[in-house]
1. Val13 - would you say it is among the β-branched types (Val, Ile, Thr) and at pLDDT 85 or above?
2. Are any residues in the stretch 31-44 modelled with pLDDT of 90 or more and either more than 15 Å from Gly4 (Cβ to Cβ) or aliphatic (A, V, I, L, M) (or both), and if so, which ones?
Amino acid sequence: MKAGDLVKHPKGVENVCKEKYSLGIILSEYTPQHPTGAQQVTVMWRGMQSYLVYNADQLEVISEAR
């Protein structure tokens, strides 16, 4: 995953609007320095005014950036 990729949360998020979590854009990605560090990404979801941070394996890429 990289900045500019379009993503969705595979199962939506429990008890919230599934439509909102069906389309987001990755703003940045990074890998923490500790040995077990999984890639993390910041995502701006449709209709939200702030970003959220996720482990990359929690999301599904819909369309890759060029």
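The values are calculated or read from the model by the stated rules, or taken from the named source; none is laboratory data. These figures come from a predicted structure and were not determined experimentally. When we count neighbours, we look across all protein chains shown, and the Cβ atoms used for this are built from the backbone with ideal geometry, even at glycine.
1. On the way: among the β-branched types (Val, Ile, Thr): yes; at pLDDT 85 or above: no.
No: the conditions fail for Val13.
2. If the condition is that a residue be modelled with pLDDT of 90 or more and either more than 15 Å from Gly4 (Cβ to Cβ) or aliphatic (A, V, I, L, M) (or both), then Gln40, Val41, Val43, Met44 are the ones that fit.
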